[in-house]
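Let me begin by presenting the structure, written as structure tokens, before commenting on it.
The values are calculated or read from the model by the stated rules, or taken from the named source; none is laboratory data. These figures come from a predicted structure and were not determined experimentally. Virtual Cβ from ideal backbone geometry, glycine too; neighbours counted across all protein chains shown. Just so you know, the surface numbers come from the protein's heavy atoms only, side chains and all, with ligands and any DNA or RNA stripped out. Shrake-Rupley method; radii C 1.70, N 1.55, O 1.52, S 1.80 Å.
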Amino acid sequence: MTVELRLPLPAPLAGHVLRAATVDDVPAVVALLSDDPISASRGDRARPEDMAAYRRGFGEIDADPANVLLVLEHPDDGAVATMQLTLIPGMARAGAARLQVEAVRVRSDRRSGGLGAAMMQWVIQVARDTGAGLIQLTSDAARADAHRFYERLGFAPSHVGFKYRL
């Protein structure tokens, strides 16, 4: 997905760089995923033997023009957050595209400092600029704090999600 990464970053992100991830960022992204207890319980534990699978997953994201994996870096603190955006064309809502937001993670020692909210404000602008009619995301039912966070930003818990594990 072509995302204009030069869009102005909200004030809480001043001094940070938001950029498309590269394969060299895979260990940092995996560390952000494994820093989350729910992700870790699903197998994201940053084990060396899993890195080939993560690199393969990154390669698929990177090769798909509808996807972008982003990393938020601070020059003194490295990767502090990540998220994946996917632009999904659709027929519903008069053919409106949806911007799917996945795997939003802010490093545990940097949470509650406004980074996540600023990232989501940036995502809202990206969605407007790409002509998406809707931003959607899912959040594990156990993430009560995340639910309050998204609701404070204006996201509505409008649907029930279902998953089928394979």
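Dipole of the chain computed with +1 at Lys/Arg Cβ and -1 at Asp/Glu Cβ about the Cα centre; of Leu85, Leu9, Ala97, farthest Cα towards the positive end is Ala97.
Per DSSP helix of 4 or more residues, -39500 (n - 2.57); summed, then divided by the residues of the chain. What does that give at 222 nm, rounded to the nearest 500?
Value at 222 nm, helices only: -9500 deg cm²/dmol.
Across the chain, the volume of the C-alpha convex hull divided among the residues equals 134 Å³ per residue. Amide H contacts of Val80: Leu72, Glu73, His74, each under 5 Å away and 5 or more positions distant or on a separate chain (H built 1.01 Å from N in the peptide plane; Pro and chain starts excluded).
Just the accessible area per residue of the chain, please: how many Å² with a 1.4 Å probe?
Normalised by residue count, the accessible surface of the chain is 59 Å².
Surface composition of the stretch 46-94: carbon plus sulfur atoms contribute 57% of the solvent-accessible area (1.4 Å probe, protein chains only, all chains present).
Per-peptide packing, taken as the mean over residues of other Cβ atoms within 10 Å, places 96-107, 39-50 in the sequence 96-107, 39-50 from highest down. Between Asp64 and Val23, the contour length at 0.36 nm per residue exceeds the alpha carbon distance by 13.3 nm. Taking label points 7 Å from Cα along the Cα-to-Cβ direction, Ile38 and Ala142 give a separation of 0.9 nm. Computed from phi, the 3J(HN,Hα) profile of the stretch 88-99 under the Karplus parametrisation 6.51, -1.76, 1.60 (θ = phi - 60°) reads 10, x, x, 9, 5, 6, 6, x, 6, 7, 10, 9 Hz, with x in place of Gly and Pro.
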